[in-house]
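The structure under discussion appears below in the form of structure tokens.
The values are calculated or read from the model by the stated rules, or taken from the named source; none is laboratory data. These figures come from a predicted structure and were not determined experimentally. All Cβ positions, even for glycine, are placed from backbone atoms using ideal geometry, and neighbour counts span all protein chains on display.
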């Protein structure tokens with residue numbers, strides 16, 4: 001799928017749905033680099049991303065879920081994943097866009113696709129874990145029907161962060 005964000009001059013952005021063998025390491029590095037630069041998280045954050053990726057792959061992802069890779073000139077510039085937690089619940093994971101791609105509707109479109117796919121699959125509950133400093137993302141989540149259901153302070157990744165659990169119940173038509 002080819003996207004040309006409306007506010008952007010430059011290379012087109014492509015979205016692919018298949019996970020490639022080098023993607024897990026690239027997802028880990030991208031998260032470490034962007035969150036390290038923007039929020040000061042330490043290398044433990046990147047290690048935790050690697051651990052959750054590894055465990056999720058061992059549990060059958062992406063066959064049980066979905067994956068969206070955002071690429072610009074063959075460079076991984078963003079990710080989004082849906083992982084099955086149980087037959088009735090799934091989790092939104094690894095949602096990140098390179099700063100150069102933000103504010104152009106790419107994230108909104110990806111999250112909309114993920115939610116539509118989750119609803120079509122029959123998941124009753126979508127879970128999402130994040131932290132409160134991601135205010136723009138929080139606005140996007142709330143706009144798609146997610147609500148904060150839990151908060152707690154977290155210092156494992158360096159700075160003190162307020163971790164948040166969001167949930168979205170499938171709307172019955």
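See the values below:
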| item | result |
| --- | --- |
| Residue within the stretch 1-24 that is touching a residue at least 12 places away in the same chain (Cβ under 8 Å), buried (at least 17 other Cβ atoms within 10 Å of the Cβ) and closer than 23 Å to residue 166 by Cα present | no |
| The stretch 157-172 - residue that is modelled with pLDDT of 95 or more and touching a helix residue (DSSP H, G or I) at 6+ places or on another chain (Cβ under 6 Å) and, of those, nearest to residue 126 (Cα to Cα) | 166 |
| Failed item, numbered, when residue 99 is tested on (1) over 24 Å from residue 132 (Cβ atoms); (2) more than 13 Å from the chain's Cα centre (by Cα); (3) in contact (Cβ under 8 Å) with a residue 40 or more places away in the chain | (1) |
| Given (1) surrounded by fewer than 17 Cβ atoms within 10 Å (Cβ to Cβ); (2) touching a residue at least 24 places away in the same chain (Cβ under 8 Å); (3) farther than 21 Å from residue 140 by Cβ, index of the condition residue 62 fails | (1) |
| Residues that are more than 18 Å from residue 49 (Cα to Cα), touching a strand residue (DSSP E or B) at 6+ places or on another chain (Cβ under 6 Å) and surrounded by fewer than 17 Cβ atoms within 10 Å (Cβ to Cβ), drawn from the stretch 115-131 | 117, 125 |
| Checking residue 68 against (1) touching a residue at least 24 places away in the same chain (Cβ under 8 Å); (2) within 15 Å of residue 99 (Cα to Cα), the condition it does not meet | (2) |
| Where a residue in the stretch 29-56 is at negative phi and exposed (fewer than 13 other Cβ atoms within 10 Å of the Cβ) and its partner, wherever it lies, is at pLDDT 95 or above and not in a helix (DSSP H, G or I), with Cβ under 6 Å and at least six apart | 44/156; 44/157 |
| Among residues of the stretch 134-148, those that are surrounded by fewer than 15 Cβ atoms within 10 Å (Cβ to Cβ), touching a residue at least 24 places away in the same chain (Cβ under 8 Å) and not in a helix (DSSP H, G or I), counted | 1 |
